[in-house]
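The values are calculated or read from the model by the stated rules, or taken from the named source; none is laboratory data. What you are looking at is a predicted structure, and each value in this text was computed from that prediction instead of being measured. Every residue, glycine among them, receives a Cβ derived from its backbone with ideal geometry; neighbour counts consider all protein chains shown.
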Amino acid sequence: MALILENVWKSYPVRGGRRDILKGINAVIERGDAVGILGRNGAGKSTLMRVMSGVESPTEGRVRREMSVSWPLGSGFGLQASLTGADNARFIARIYGQDVRETLDFVQSFSEIGQYFFEPVRTYSAGMMGRLLMGLSFAVKFDCYLVDEIISAGDQRFVQRCQTMLEERLGNASLLMVSHFADHIKQYCRTAVVLRNGLLELYEDIDEGIAVYQSL
């Protein structure tokens, strides 16, 4: 099983034409890989994550998902602010073919937002929103997890809980992580890629990859 990118281009319209963000990327992420994605601000790291997850389609090329791939953890992908937290959890359960009752129980327990779980998401504080998003993110067991910056929702106890859950899930799954912090990449990843000029440069030695990124 693998996540395969075949000549993936991604561009967006700008004044006077289009801007290419990803320029013919080819990559294979296999089950069990743990890869840190490094690059300067604006290099296209978050765009790459959205394309890999399926949140956005490539402009050209193809993404083949031979294993289940998460949306970027903690992002608001698919979240409906007019619905309650519980309704959003039901929606996720049905999309991914999970038991609705088990999913509701998990998200409510993990998010620790009390009765707000049954209130419209638009009434949530930023902290409660972050907790709900992490509960929804961990409600589905994926083969490959995408993490766009290390988990930082809630207080330190909740952050540690999220990191512990992520480490448990990674025992049987792949990881692709974007972070500006070398310590986070070294903690979770075994190899690194640097996104530069729309292309990926692979470094099997993670320290070498971090050194190249820091020299940019």
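Restricting the range 99-131 to residues that are assigned to a helix (DSSP H, G or I) and charged (D, E, K, R), the residue that is farthest from the chain's Cα centre (by Cα) is Arg101. Against the list (1) in contact with a Pro (Cβ under 8 Å, 6 or more places away or on another chain); (2) assigned to a helix (DSSP H, G or I), the condition Ser82 fails is (2). Among residues belonging to the range 165-191 that are small (Gly, Ala, Ser) and farther than 15 Å from Met49 by Cβ, point out the one that is modelled with the highest pLDDT. So, considering only residues that are small (Gly, Ala, Ser) and farther than 15 Å from Met49 by Cβ, the one modelled with the highest pLDDT is Ala173.
Among the residues of this structure, Tyr203 counts as one that is aromatic (Phe, Trp, Tyr), in contact with a helix residue (DSSP H, G or I) (Cβ under 7 Å, 6 or more places away or on another chain) and either at pLDDT 90 or above or within 27 Å of Gln108 (Cα to Cα) (or both). On the basis of being farther than 29 Å from Ala2 by Cα, assigned to a helix (DSSP H, G or I) and at pLDDT below 95, does Met134 make the cut? Spelling it out, it is not the case that Met134 is farther than 29 Å from Ala2 by Cα, assigned to a helix (DSSP H, G or I) and at pLDDT below 95. Residue check: is Glu112 among the charged types (D, E, K, R), more than 30 Å from Ala2 (Cβ to Cβ) and surrounded by fewer than 21 Cβ atoms within 10 Å (Cβ to Cβ)? Spelling it out, Glu112 is indeed among the charged types (D, E, K, R), more than 30 Å from Ala2 (Cβ to Cβ) and surrounded by fewer than 21 Cβ atoms within 10 Å (Cβ to Cβ). Arg50 passes every criterion in (1) under 15 Å from Ile4 (Cβ atoms); (2) within 14 Å of the chain's Cα centre (by Cα) apart from (1).
For the range 141-158, state whether one or more residues are farther than 21 Å from Arg50 by Cα, assigned by the TED database to the domain that holds Lys45 and among the hydroxyl-bearing types (Ser, Thr, Tyr). Looking through the range 141-158, none of the residues is farther than 21 Å from Arg50 by Cα, assigned by the TED database to the domain that holds Lys45 and among the hydroxyl-bearing types (Ser, Thr, Tyr).
Residues are listed down the side, and each one gets a yes or a no for (1) of a type in the set (Ser, Thr, Tyr); (2) in the same structural domain as Asp183 (by the TED database); (3) at positive phi; (4) out of contact with any Ser or Thr (no Cβ under 9 Å at 6 or more places or on another chain):
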| site | (1), (2), (3), (4) |
| --- | --- |
| Ser11 | yes, yes, no, no |
| Asp20 | no, yes, no, no |
| Leu38 | no, yes, no, no |
| Ser57 | yes, yes, no, yes |
| Phe91 | no, no, no, yes |
| Phe106 | no, no, no, yes |
| Ser109 | yes, no, no, yes |
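In summary, Met49 fulfils each of the numbered conditions (1) surrounded by fewer than 20 Cβ atoms within 10 Å (Cβ to Cβ); (2) part of a helix (DSSP H, G or I); (3) touching a residue at least 60 places away in the same chain (Cβ under 8 Å) with the single exception of condition (1).
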